[in-house]
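Student: Shown below is the structure under consideration.
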Amino acid sequence: MSIKALFSLNCFLTQYTLAFVSFLLLTYLSCCFGCYVSFIGKLLVLSFLSWHVTKRVRKHLNKEVLTSYKRAVLVTGCDSGFGNALAFKLNEHGYRVYATVLDPESDGAKKLLTGSRFDGKTQVLRMDVTNDDDVTRVYEYVKDDLKKNGEELWAVVNNAGILTIGPLDWGTIDTYKQIFEVNTFGVVRVTRTFLPLIRQSKGRFVNLVSMAGRMTSQNLPVYSMSKHAAISFSDALRRETRKYGIRVSTIEPMAYKTPMASEEMFNGILTKNWEQSSDEVKQLYGQEFLKNLKERKEKATVLLAPGENIYEVVDLMVEAVRSPDPQIRYQAIPGNCLNKLLVEILKVIPTELYDQVVYHLESKGVKPAYLRNEE
């Protein structure tokens, strides 16, 4: 029997026997060399625990924050939500804030100009992260303004993002392109453009991604894909720019109740994707499936109820900007410690088991019309 045939799907009994014999042999060897195996195992466990305990203790005891004097921060996506709240917070801490928005006439943009603690320290700039000319124009403005004020660009916070909801065969391929253009290529475009200024200041990039980029969520396939890509980009950016003294952090929240996650937005996106789907897809799922998704709301996309307090996320973003030793990853999980434990378990369990969890949750909703007709 060839190696390829041995590991085919049709040789389960042979594979099981091989695995059983292998583990039996390992057990025998561990008995023979038990003291050595035990020592190495304990050493690895102690090293792992020591690393994490040291990080926790250092973070708890070190309350030092970096000065905001002569430092500026660029934040994208400040029309509302996390970005808007972060711009206010950074202004309170004394940073010059370049808050980019899609619409300078929006309520959120106007409040940034009139409601900030330090007048004149926050500037609202129109910038579409999907537009090269827009990003270049803002870069040139920021560079000149920094020179005029004798300041440096300390941090870039890539916060801008959009959401789409629904099964992966809903909508059109343009939906995929639009999500990636903002959530992934927008991060790349802004980062590459402002990298020279961050290199000069030996500052940092803070990229808002999502736990959906670590664990793909049901009915959020396109969004999850774009965040997976943004996380990968952040990893590469962190490793490649370390030699310049640049720090890179990702902020990875679960769902929180921002305007992007509102019920009105949720239903609007679902309806739009449904209407743009082909007749064949609509017939496959049926109107009852769409109605059930709207009724289930966030339960159709995430495992935990969305958090109410967005400052659980915003405060982590502020820490990533101000800390002398920022973390590589900041996770914001709403709720109690059990929720946090559940997420950690789901991150390490076998993929097959995680698939079973998702399948079980989906089975609580209405099945597509095609499957109901088969029953």
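The values are calculated or read from the model by the stated rules, or taken from the named source; none is laboratory data. If you're wondering where the values come from, they're calculated on a predicted model, not measured in any experiment. Here the Cβ is made from the backbone with ideal geometry for all residues, glycine too, and neighbour counts use every protein chain on show.
Student: Within the range 328-363, which residues are surrounded by 12 or more Cβ atoms within 10 Å (Cβ to Cβ), aromatic (Phe, Trp, Tyr) and farther than 26 Å from residue 206 by Cα?
Tutor: 354
Student: Which one of 366, 318 is part of a loop (DSSP other than H, G, I, E, B), aliphatic (A, V, I, L, M) and either surrounded by 12 or more Cβ atoms within 10 Å (Cβ to Cβ) or more than 24 Å from the chain's Cα centre (by Cα) (or both)?
Tutor: None of the others qualify; the one that does is 366.
Student: Return the pair list, or none, for Cβ contacts closer than 8 Å from residues in the range 133-147 that are in the same structural domain as residue 193 (by TED's automatic domain parsing) to residues that are surrounded by fewer than 16 Cβ atoms within 10 Å (Cβ to Cβ), at least 6 apart or on different chains.
Tutor: 134/126
Student: A further question on this structure: Tally the residues that are assigned to a helix (DSSP H, G or I) and either in contact with a strand residue (DSSP E or B) (Cβ under 7 Å, 6 or more places away or on another chain) or among the polar types (S, T, N, Q) (or both), restricting the search to the range 245-268.
Tutor: The qualifying residues number 1.
Student: Go through the range 164-195 and count every residue that is within 13 Å of the chain's Cα centre (by Cα) and either of a type in the set (A, V, I, L, M) or at pLDDT below 95 (or both).
Tutor: Adding up the residues that qualify gives 1.
Student: Kindly list the number of the only condition in (1) at pLDDT 90 or above; (2) in contact with a strand residue (DSSP E or B) (Cβ under 6 Å, 6 or more places away or on another chain); (3) crowded, with 19+ Cβ neighbours inside 10 Å that fails for residue 307.
Tutor: (1)
Student: Got a sec? Which of 323, 262 is over 17 Å from the mean Cα position of the chain (by Cα), crowded, with 17+ Cβ neighbours inside 10 Å and of a type in the set (S, T, N, Q)?
Tutor: 323
Student: Name the strands (runs of 3 or more DSSP E) wholly inside the range 66-163 in which the number of residues that are closer than 30 Å to residue 176 by Cβ, in contact with a helix residue (DSSP H, G or I) (Cβ under 6 Å, 6 or more places away or on another chain) and at pLDDT 95 or above is 2 or more.
Tutor: Correct list: 96-101, 152-158.
Student: Would you please name the residue that is surrounded by the most Cβ atoms within 10 Å (Cβ to Cβ), looking only at residues in the range 218-234 that are under 11 Å from residue 207 (Cα atoms) and touching a helix residue (DSSP H, G or I) at 6+ places or on another chain (Cβ under 7 Å)?
Tutor: 227
Student: Continuing with the same structure: Scan (1) crowded, with 22+ Cβ neighbours inside 10 Å; (2) on the phi > 0 side of the Ramachandran plot for the single condition residue 245 breaks and write down its number.
Tutor: Failing condition for residue 245: (1).
Yes or no, residue by residue, for (1) on the phi < 0 side of the Ramachandran plot; (2) within 8 Å of the chain's Cα centre (by Cα); (3) β-branched (Val, Ile, Thr):
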site	(1), (2), (3)
197	yes, no, no
206	yes, no, yes
211	yes, yes, no
218	yes, no, no
222	yes, no, yes
250	yes, yes, yes
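Student: Out of the range 108-137, which residues are of a type in the set (Gly, Ala, Ser) and surrounded by 14 or more Cβ atoms within 10 Å (Cβ to Cβ)?
Tutor: Passing the criteria: 108, 109, 116.
Student: Please go through the range 88-100 and pick out each residue that is more than 16 Å from residue 142 (Cα to Cα) and crowded, with 24+ Cβ neighbours inside 10 Å.
Tutor: Within the range 88-100, 90 is the sole residue that qualifies.
Here's the yes/no breakdown for (1) over 15 Å from residue 160 (Cα atoms); (2) modelled with pLDDT under 95:
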{"residue": "226", "(1), (2)": "no, no"}
{"residue": "245", "(1), (2)": "yes, no"}
{"residue": "252", "(1), (2)": "no, no"}
{"residue": "258", "(1), (2)": "no, yes"}
{"residue": "263", "(1), (2)": "yes, yes"}
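Student: Look through 100, 122, 114 and report the one residue that is touching a Leu at 6+ places or on another chain (Cβ under 6 Å), without any contact (Cβ under 8 Å) to a residue 40 or more places away in the chain and in the same structural domain as residue 191 (by TED's automatic domain parsing).
Tutor: Testing whether each residue is touching a Leu at 6+ places or on another chain (Cβ under 6 Å), without any contact (Cβ under 8 Å) to a residue 40 or more places away in the chain and in the same structural domain as residue 191 (by TED's automatic domain parsing) leaves just 122.
Student: Related question: Looking at the range 254-271, which of the residues that are touching a residue at least 60 places away in the same chain (Cβ under 8 Å) and in contact with a Pro (Cβ under 8 Å, 6 or more places away or on another chain) is farthest from residue 85 (Cα to Cα)?
Tutor: Once the filter is applied, the top-ranked residue is 265.
Student: Pairs needed: first member in the range 344-365, in contact (Cβ under 8 Å) with a residue 12 or more places away in the chain; second member anywhere, polar (S, T, N, Q) and in a helix (DSSP H, G or I); C-beta distance under 7 Å; at least 6 residues apart or different chains.
Tutor: Short answer, once both residue conditions are applied: 365/292.
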